[in-house]
Amino acid sequence: YGSDESSNNLRISKVNSKLAEVNINLIPAEPSLNRHFKKNSLTIITNLPTSSKIISSSEITRVYNEFLHQAKFVLKNKMVIAITKKEPFNSIAKSFKFKLTKERTARIGDLVYYMLVYKK
């Protein structure tokens, strides 16, 4: 499954999945993951936004809280988060009782991504 708020990103993902000969069910992002998924049914892999000039830190905190609230319901075992700033995500995840089990870094040019693996 793949999800995004942008219909353009979903369209591009559909094209890329066809080129890669991979079948991916794409759904628009919405606040309620439990509309599409059963309790304890998913492994989640996602790239979350971080605060910037466009998105305030208070908005990011709201996004993380909503994401983790939904993840608590649908997550089967673990999730992998790609993110460019570990905080405040780590602190919020801890408040939802997610346990950080692995951490790696990846670089794309000058940008560093943290790959954070959490378990319920």
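Accessible surface calculations at 1.4 Å, restricted to protein heavy atoms, place the chain at 70 Å² per residue. Separation of the alpha carbons by more than 28 angstrom is noted, of K14/K78; K38/K97; K14/K99; K14/K102; K38/K102, for K14/K99; K14/K102. Rg of the Cα atoms in the chain, relative to 2.2 N^0.38 Å, amounts to 1.08.
Rounded to the nearest 0.05, what FRET efficiency do L100 and N40 have when you use their Cβ-Cβ distance and R0 = 22 Å?
Efficiency, rounded to the nearest 0.05: 0.65.
Calculated mean residue ellipticity at 222 nm for the chain: -10000 deg cm²/dmol, from DSSP H runs with n ≥ 4 weighted as -39500 (n - 2.57), summed, divided by the residue count and rounded to 500. Roughly how many percent of the accessible protein surface of the chain is carbon and sulfur, given a 1.4 Å probe and a whole-percent answer? Roughly 52 percent of what the probe reaches on the chain is carbon or sulfur.
The values are calculated or read from the model by the stated rules, or taken from the named source; none is laboratory data. Predicted model only: the values in this text are computed from it and were never measured. Note that we place each Cβ from the backbone using ideal geometry, even for glycine, and neighbour counts take in every protein chain shown. Side chains are part of the model used for accessible areas, which takes the heavy atoms of the whole protein and leaves out ligands, DNA and RNA. Shrake-Rupley method; radii C 1.70, N 1.55, O 1.52, S 1.80 Å.
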